[in-house]
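Please read the structure below before turning to the comments.
The values are calculated or read from the model by the stated rules, or taken from the named source; none is laboratory data. Everything numeric in this text was worked out from a predicted model, so none of it was measured. Cβ placement follows ideal geometry from the backbone for every residue including glycine, while neighbour counts extend to all protein chains displayed.
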Amino acid sequence: MSTIVLADRHRMFTQSLRVVFEQRLQEFRVVELHSGVEVVEFCRTNHPEVLIVGMSMSDLNGLEVTAEVMRHSSMTKVIMLLGLGQTAEVMNVIKGGAQGYLLKSESLECLLKSVLVVTSGDSYFSPQIACDVAKFLQKRKSNPSFNSLLESLSPREMQVLRLVIEGKTSKEIAHLLDLNSETVRTYRKTMMRKMGIKNVVILTRVAMQAGFLASFDMGE
């Protein structure tokens with residue numbers, strides 16, 4: 001049975017989530033941990049499929065935990081939860097390399113969806129996080145070095161790129177572009193291969209640094 005780790009310093013928070021997860025995601029074993037050191041050691045030994053971690057632990061912060069887990073358990077999908085007042089940290093958090101990003105103020109449905117999305121191989125940005133990323137990108141100037149990477153992309157790949165950066169899943173992109181999900185995944189793989197980028201998290205990080213967010217025609 002696959003394992004989900006709920007990691008946060010607030011026991012009441014993880015206990016509440018555990019009740020919901022055990023009811024809604026019965027295919028997973030749910031484990032609660034409350035210190036960064038415990039999380040890193042558990043992931044190093046047990047390699048859980050998903051780690052949901054808050055930014056504030058009793059010892060290490062969420063970024064430090066994520067870095068250590070990704071170093072010792074690279075197959076673990078990390079979903080980071082930001083609290084109120086931490087939205088200014090969004091860009092630094094994304095650079096940390098987790099696969100999912102949510103605010104604690106968002107709904108349980110968003111969190112449950114994020115688990116399904118990251119375990120399917122996609123990255124997940126909650127609606128509010130995606131909005132913050134889009135606003136950040138719109139304020140940045142275009143970067144010539146990044147633009148040169150775009151020249152090898154087809155118009156359709158450019159459309160997919162924009163939607164990936166906005167936090168859309170393959171299923172959502174397929175719906176918006178009237179494609180099937182497998183075709184979208186193929187576009188994503190081809191696009192990243194052309195740009196020499198290994199995964200969507202790195203792609204988003206590069207795009208953020210370049211200030212990329214263009215307004216493309218969503219038709220052919």
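Structure notes:
- Residue within the stretch 46-53 that is modelled with pLDDT under 90 and surrounded by fewer than 16 Cβ atoms within 10 Å (Cβ to Cβ) present: no
- Of residues in the stretch 34-45 being farther than 19 Å from G100 by Cα and surrounded by 16 or more Cβ atoms within 10 Å (Cβ to Cβ), the one modelled with the highest pLDDT: F42
- Residue in the stretch 111-118 that is within 21 Å of S2 (Cα to Cα), among the polar types (S, T, N, Q) and modelled with pLDDT of 85 or more present: yes
Per-residue answers, yes or no, for (1) at pLDDT below 95; (2) over 21 Å from S123 (Cβ atoms); (3) not in a helix (DSSP H, G or I):
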residue	(1), (2), (3)
V5	no, no, yes
M12	yes, yes, no
F21	no, no, no
R29	no, yes, yes
E64	yes, no, no
A67	yes, no, no
M75	yes, no, yes
M80	yes, no, yes
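- Count of residues meeting criterion [surrounded by 20 or more Cβ atoms within 10 Å (Cβ to Cβ) and either under 19 Å from L103 (Cα atoms) or in contact with a Cys (Cβ under 7 Å, 6 or more places away or on another chain) (or both)] in the stretch 18-33: 1
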